[in-house]
Structure formats: C-alpha cells, structure tokens
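The next block holds one structure in the form of structure tokens; read it before the comments.
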Amino acid sequence: MENYSLARCRICNSKVTRFLDLGKTHPPEEFRRKSELGRPIRTFPLGLSYCPKCGQVQLSHEIPPDVMYKQHFFYDYSITKTGDKHYTELAELLKKKYKLTNRDLVVDVGSNTGKLLMIFRKIGVKILGVDPATRLVRVARKNGVPTIDSYFDSACAKRIVKAQGQARVITCNNVFDHVTDLHEFMRGVRILLKEDGVFVVEDPYFLTFFKTLGHVVYHQQLDYILVKAFAKLFDAHGMELIDCERIPWHGGSIRMYIAFKDVYKVNRHVQEFINEENRLVLKNEPKALKSWGGKILAQRDDMASLLKKLKRQGKSIGAIGASAKGNCLLYYSGIGPKTVDFITEKSNLKVGRYTPLGIPIVKDEVLFRKQPDYALLLAWNFSDELLAKLSPYTSKGGKIIVPIPKLKIVG
Ligand SMILES: [Zn+2]
C-alpha cells in the first residue's frame, strides 16, 4: 500500500523530520451526495515536517492530485466580498507598479471561476486562466474568461507562449503552496514569463500562523511558506525574490514578487522577513516547532471537548461555512452528525451535499430558521464580514463558537 509520505524536502530534496501529527483525514473538499454516504472514507495522514537543511516546512503526507482536485474541488472564491475587494486592489496595484498596458498578458494560475481575471480585463490587459478543476473551468468560460483546463507545468507554459506570447505578469493566489512539483512549476514560470516580467504569489505565511495560530494544517496546502526556504527555490531557477509583504488574508498571508535575477532591485523587506524567521523559528528548531505543534493539538482538543460537552448538556449545534479547512478540522477532531446538526453554506456547489461523516450542508437561511443554541464558525477567515450578517441569529440568543485562533464564544 502506498503511504504518500513526503520524506524529502520539496525544495532541496534533503530528508525531512516530522514535528506534528494530526492523525488522518479525508480529502478536504470531499462533500458527498446522499447516495455516496455509505461508502468507506479514504483517509490520509495529516501532519507537518521541516527540513533541517533549508528551513522548509511542509506536509508530512500528500494526497494524489487526481484524488484531490479532479473529483473534490468546490471552492468558489467569487462568493465573498472580502475576495472581491482584495483582488481589485491587487490588480490595480500591479497595473500601476509594472505599468501594464493593453499589450500585456496576465496569466492567472489556479484561476478558479475567473474572478481575478475579470477584474484584470476591466483594467485593460490581456488575460488567460489556467486551472485543473474542470468544473470550475466551465464556470470561468461561461464568465467569458479564456481558461486552459490543465495543471501548470513547462508543457502548459510552452503551449501558452506559442498561442499568445509571453506573460508580463503571472499571478498565483493560494495555489503555489498546493502544487505537486515546485521545480516543474518554476520551469514553467521561466518559459512563460517575459524578461522584465513578474511572478506574484500569495499564500498563507507560516510565520504568521506560527505567531497567531490563526490557520489550520490541511491537505491542499503542501508548503507552509517561509521566505528563507522559498528564496532558495527561486534562486535554483535563476530567479530572485525582489519584494514581499504581509497581507490580511487566510489568517495572515504573504505576497511575494519574483523576477529574473538582476532585473529589479531587491527590496530590503526580503532580508527583514528572513531575519525574523531565523529569530523565531529556525534558530530554535526543532524545539520551537515541536512546542508550536503542541499548541495546534491543544486547539483541536479544546474545540472537540467543548462541542461534546455542550451536546451532553442537550444543546443543539449548527456550523457556519463548509470550507475545506473546516471540513478537515471537523474530521480530525472527531466531530460528526451526532454533535453538529448541519453546516450552512453560501456556495450552491456544496448545498445539498454532506461531509463524509454525514453532516448535511444546507443554505445560509437554515441557521435563522432552526436557531440552534450554538453555531460553530468554520469560516473564521471571513469572520468580520460574517459576524455582521449573523446578527439576526445572535440577537435571538444564538451563540457563536469561534474555534480559531483561540476558542471563544461570541454573542
Ligand atoms: Zn530543504
């Protein structure tokens, strides 16, 4: 039997050491039809390892991409306002910073339903999406966004260059840390990017996760990004990190700007990020990482024991937001339909389905209609936006359980 272990560093190929074990879980975006509920649940070990050589932090085991993305991928980021505002700002910033014109091509890798590219089209550049999730590619094309139904690699990059020329900007939001082979991806970037082009990556930043515990470990995210380790990846491909900044996204993310060497000046931020990583995480590993892992386990156990205690007291519990991370968190905490009655969700792609353990996914309004005693917030990334919308529930006495970063009850 294959165990899908990631025994070697995804950046430098050295042997890695595991420092966190969260048990096993199903693919994070697995939401089943009613008829599929009796089927066995296929699970994969979930944990984190680090590389003593380059400082990379990565998943201990991976789920084969075909299991992960072709069958179970429902995330539709067009449904939150937070995403809309964030991507409008990103498009305008890149246009201004790199003086993009209508002759420039912007390629978004992991383009989902085409939301970011629709914004880029509005500001007057040429656009192209790449995404392997067939279901989402169909939606993107309906939105008028030209999209290639594929993983991004050097073959895909060559195909784009042949048809449309090289790209001035390649964006990759919350996808780069998901890719199976980082080096093959970078070979694709080298082929597709113009000499003065910029590759812009946004992903959760591990140092923020380390400091705040405001994120979760889950299978879609293979890399828990530290600038120090990723600078080595870019260097191995003749490129360099020219700037990086923190952005308030997914509980604290990083935006990295990567270009060919010696084309742009390297901002001092890059060294500042590395200095802080060295000070807080890498100088003290594995001790610092192991003690951090203990806090992640405590976070999980605190949530599970609160929910089970409330249930024993006869309270009803719903949940809000059938996110991939939330779905995973419930499973590895051992929370199923005996504890949580339903999960509300905005995306029509998920409503009517079930978590693998059998919790039904229902429309948002069910929360107000059923008015359970407690509602577990599984979409904590968007909690400000959501909390305002939940006032009809809390004003009638409903209490919200926020599990991340620190377990608390609101309302
Ligand atoms: Zn390494």
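Modelled label positions at V263 and S35, each set 7 Å beyond Cα in the direction of Cβ, lie 5.1 nm from each other. One equal scatterer on each Cα of the stretch 241-363, no solvent, Debye formula: the resulting log10 I(q)/I(0) at q = 0.19 Å⁻¹ is -1.03.
Please tell me the relative contact order of the stretch 202-306 in percent, rounded to the nearest whole number, where contacts are Cα pairs under 8 Å and at least six residues apart.
Details: 110 pairs, mean separation 28.0, N = 105.
This gives 27 percent for the stretch 202-306.
Spacing of the modelled spin labels on K363 and N3, each 7 Å from Cα toward Cβ, amounts to 4.8 nm. Rounding to the nearest 10 and keeping the result within 0 to 90°, find how far the Cα-based axis of helix 154-164 lies from the longest principal axis of the chain. That helix lies at roughly 70 degrees to the long axis. Which trypsin sites (Lys or Arg not before Pro) does the stretch 260-333 hold that lie in a coil by DSSP with at most 11 other beta carbons within 10 Å? Those satisfying the criteria are K265, R268, K283. Springs between Cα atoms under 10 Å define the GNM used for the chain, and in it the highest mean-square fluctuation of E36, E240, E345 occurs at E36.
Relative to the globular-protein estimate of 2.2 N^0.38 Å, the Cα radius of gyration of the stretch 145-246 stands at 1.13. Accessible area per residue for the chain, computed on protein heavy atoms with a 1.4 Å probe, is 42 Å². Restricting attention to the stretch 302-410, close to 25% of DSSP beta bridges with both partner residues there are antiparallel.
Computed over the chain with a Gaussian network model linking Cα atoms closer than 10 Å, the most mobile of S323, S305, S395 is S395. Between the amide H of F19 and those of L48, S49, Y50, distances stay under 5 Å, these residues lying 5 or more places away or on another chain, with hydrogens modeled in the peptide plane. Only protein atoms count toward the accessible area here, which uses a 1.4 Å probe; on the stretch 115-232, the carbon and sulfur part of that area reaches 53 percent. Given the options Q164, Q313, Q271, which has the most mean-square fluctuation in a GNM of the chain, springs set between C-alpha atoms less than 10 angstrom apart? So, out of Q164, Q313, Q271, the one fluctuating most is Q313. Over the stretch 302-410, Cα pairs under 8 Å with separation of 6+ residues give a relative contact order of 26 percent.
Divide the volume of the convex hull of the Cα atoms of the stretch 187-240 by its number of residues and quote the answer in cubic angstrom per residue.
Values: hull volume 5.2 nm³, N = 54.
Here the figure is 97 Å³ per residue.
Over the stretch 199-270, all Cα pairs binned in 5 Å intervals from 0 give whole-percent P(r) values of 3, 17, 27, 23, 15, 10, 4, 1, listed from short to long.
Calculate, in nm to one decimal, what R187 and K287 gain on full extension: separation in residues at 0.36 nm each, minus their alpha carbon distance. Answer, rounded to one decimal: 32.5 nm. Spatial offset of the stretch 298-376 relative to the stretch 1-66 amounts to 23 Å, using the alpha carbon center of each.
Projecting the Cα positions of S305, A379, L329 onto the charge dipole of the stretch 302-410 (unit charges on Cβ atoms of Lys, Arg, Asp and Glu, taken about the Cα centre) puts S305 furthest along the positive direction. Using the Karplus relation 6.51 cos²θ - 1.76 cosθ + 1.60 with θ = phi - 60°, the per-residue 3J(HN,Hα) values for the stretch 141-151 come to 5, 4, 6, x, 9, x, 9, 8, 8, 6, 6 Hz, with x marking Gly and Pro. Panel values: the stretch 3-154, Kirkwood radius from alpha carbon pairs, Stokes-Einstein at 20 °C and 1.002 mPa s, translational diffusion coefficient 119 µm²/s.
Projecting the Cα atoms of I274, L22, M239 onto the charge dipole of the chain, computed from C-beta unit charges around the Cα centre, puts L22 farthest toward the positive end.
Over the stretch 162-315, what is the percentage of antiparallel beta bridges among all DSSP beta bridges, to the nearest 5? It would help to have the intermediate numbers written out before the result.
On the way: 14 of 21 bridges.
The answer is about 65 percent antiparallel.
The lysine pair tally for the stretch 121-182, using Cα distances under 23 Å and a gap of 8 or more places or different chains, is 4. Give the distance, in whole Å, between the Cα centre of the stretch 139-195 and the Cα centre of the stretch 230-252. Between the Cα centre of the stretch 139-195 and that of the stretch 230-252, the gap is 17 Å.
The accessible area of I247, taken with all protein chains in place and a 1.4 Å probe, comes to roughly 20 Å².
Once the Cβ-Cβ distance between K399 and Q271 is put in as r, and R0 is 35 Å, what FRET efficiency do you end up with, to the nearest 0.05? All intermediate terms of the calculation are to be shown ahead of the outcome.
Numbers: r = 46 Å, r/R0 = 1.31.
Step by step, r from the Cβ atoms, then E = 0.15.
Computed 3J(HN,Hα) for the stretch 13-19, one whole-Hz value per residue from the Karplus formula 6.51 cos²θ - 1.76 cosθ + 1.60 where θ = phi - 60°, is 6, 6, 6, 9, 10, 7, 10, glycine and proline marked x. The charge dipole of the stretch 302-410, taken about its Cα centre with unit charges on the Cβ of Lys, Arg, Asp and Glu (plus for the first two, minus for the last two), comes to roughly 320 debye.
What is the extension gain from S154 to D373, computed as 0.36 nm multiplied by their sequence separation minus the C-alpha to C-alpha distance, in nm to one decimal?
That pair, S154 and D373, stretches by 73.6 nm at full extension.
Per the Debye calculation on the stretch 302-410 with a single equal scatterer at every Cα and no solvent contribution, log₁₀ I(q)/I(0) for q = 0.11, 0.13, 0.16, 0.19 Å⁻¹ amounts to -0.28, -0.40, -0.63, -0.92.
The convex hull defined by the C-alpha atoms of the chain has an orientation-averaged projected area of 19.7 nm². Rolling a 1.4 Å probe across all protein chains gives R141 an accessible area of roughly 130 Å². Note on the chain: helix-only mean residue ellipticity at 222 nm, from DSSP H runs of 4+ residues weighted -39500 (n - 2.57) and normalised by residue number, equals -9500 deg cm²/dmol.
The values are calculated or read from the model by the stated rules, or taken from the named source; none is laboratory data. For clarity, every value in this text was computed on a predicted model and none was experimentally measured. Cβ sites come from the backbone with ideal geometry, for glycine too, and all protein chains shown count toward neighbours. The protein model used for the area step is the full one, side chains on, heavy atoms only, and it has no ligands, DNA or RNA in it. Shrake-Rupley method; radii C 1.70, N 1.55, O 1.52, S 1.80 Å.
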